[in-house]
Amino acid sequence: QVQLVESGGGLVQAGESLRLSCAANGRILSSYAMGWFRRAPGKEREYVAAITQSDITYYSDSVEGRFAISRDNAKNAVYLQMNSLKLEDTAVYYCNTARRGPWGWESVFDYWGQGTQVTVSS
């Protein structure tokens, strides 16, 4: 059974930081690469960052250099450290399994948790 619970979102000002957390069941973390995705108002969900089982990380161009994804298999958790937040980072953030598809990183499962809202104000 897939269990994904995101937390850590909030309202911050531009330039500030947030750290998101994702609790997933152990079987998922041990079997898959993991990723963070986001959906901004009026837009489709998009890939943000991914981390492989070997801890190799990947980032979308829009967050490269500002965000950092990490995982702690012992705690069954995935994290997203977000620094230098911008207005355009406002979105609901989701974690999920991830794989590199023909058009880039995508989720393996179509199941999504409730996400966590990140709102960046000026």
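Does the stretch 60-69 contain any residue that is out of contact with any Ser or Thr (no Cβ under 8 Å at 6 or more places or on another chain), among the acidic types (Asp, Glu) and under 17 Å from VAL5 (Cα atoms)? No, the stretch 60-69 contains no residue that is out of contact with any Ser or Thr (no Cβ under 8 Å at 6 or more places or on another chain), among the acidic types (Asp, Glu) and under 17 Å from VAL5 (Cα atoms). In the stretch 1-17, which residue that is assigned to a loop (DSSP other than H, G, I, E, B) and among the polar types (S, T, N, Q) is modelled with the lowest pLDDT? So, considering only residues that are assigned to a loop (DSSP other than H, G, I, E, B) and among the polar types (S, T, N, Q), the one modelled with the lowest pLDDT is GLN1. Looking only at the stretch 75-120, residues that are among the aliphatic types (A, V, I, L, M) and under 15 Å from MET34 (Cα atoms) come to 5 in all. Tell me yes or no: at least one residue of the stretch 76-88 is at pLDDT 95 or above, within 15 Å of VAL5 (Cβ to Cβ), assigned to a strand (DSSP E or B) and open to solvent by 20 Å² or more (accessible area, probe 1.4 Å). Yes.
Kindly establish whether ALA23 is more than 11 Å from the chain's Cα centre (by Cα), assigned to a strand (DSSP E or B) and within 23 Å of TYR111 (Cβ to Cβ). Against the criterion (more than 11 Å from the chain's Cα centre (by Cα), assigned to a strand (DSSP E or B) and within 23 Å of TYR111 (Cβ to Cβ)), ALA23 qualifies. Could you list, in sequence order, all residues of the stretch 24-47 that are at pLDDT below 95, open to solvent by 50 Å² or more (accessible area, probe 1.4 Å) and in contact with a strand residue (DSSP E or B) (Cβ under 7 Å, 6 or more places away or on another chain)? Matches in the stretch 24-47: TYR32 only. How about the stretch 89-122: which of its residues are open to solvent by less than 20 Å² (accessible area, probe 1.4 Å), over 14 Å from TYR47 (Cα atoms) and outside any strand (DSSP E or B)? If the condition is that a residue be open to solvent by less than 20 Å² (accessible area, probe 1.4 Å), over 14 Å from TYR47 (Cα atoms) and outside any strand (DSSP E or B), then GLY113 is the only one that fits. Test GLU6 against the stated conditions and say whether it is open to solvent by less than 30 Å² (accessible area, probe 1.4 Å) and among the acidic types (Asp, Glu). When the stated conditions are applied, GLU6 passes them.
Restricted to the stretch 53-75, and to residues there that are farther than 21 Å from GLY113 by Cα and of a type in the set (D, E, K, R), the residue that is surrounded by the most Cβ atoms within 10 Å (Cβ to Cβ) is ARG66. Screening ALA50 against (1) farther than 14 Å from GLY113 by Cα; (2) open to solvent by 60 Å² or more (accessible area, probe 1.4 Å) leaves a single unmet condition, (2). Only a single item in (1) polar (S, T, N, Q); (2) closer than 22 Å to VAL2 by Cα; (3) touching a residue at least 24 places away in the same chain (Cβ under 8 Å) is not met by THR119, and it is number (2). Tell me, yes or no, whether the stretch 39-56 has at least one residue that is on the phi > 0 side of the Ramachandran plot and either within 13 Å of the chain's Cα centre (by Cα) or among the β-branched types (Val, Ile, Thr) (or both). No, because not a single residue in the stretch 39-56 is on the phi > 0 side of the Ramachandran plot and either within 13 Å of the chain's Cα centre (by Cα) or among the β-branched types (Val, Ile, Thr) (or both).
The values are calculated or read from the model by the stated rules, or taken from the named source; none is laboratory data. Everything numeric in this text was worked out from a predicted model, so none of it was measured. A quick note on method: Cβ atoms are made from the backbone with ideal geometry, for glycine too, and the neighbour counts reach across all protein chains shown. These accessible areas exclude ligands, DNA and RNA; they are computed on the full protein's heavy atoms, side chains included. Shrake-Rupley method; radii C 1.70, N 1.55, O 1.52, S 1.80 Å.
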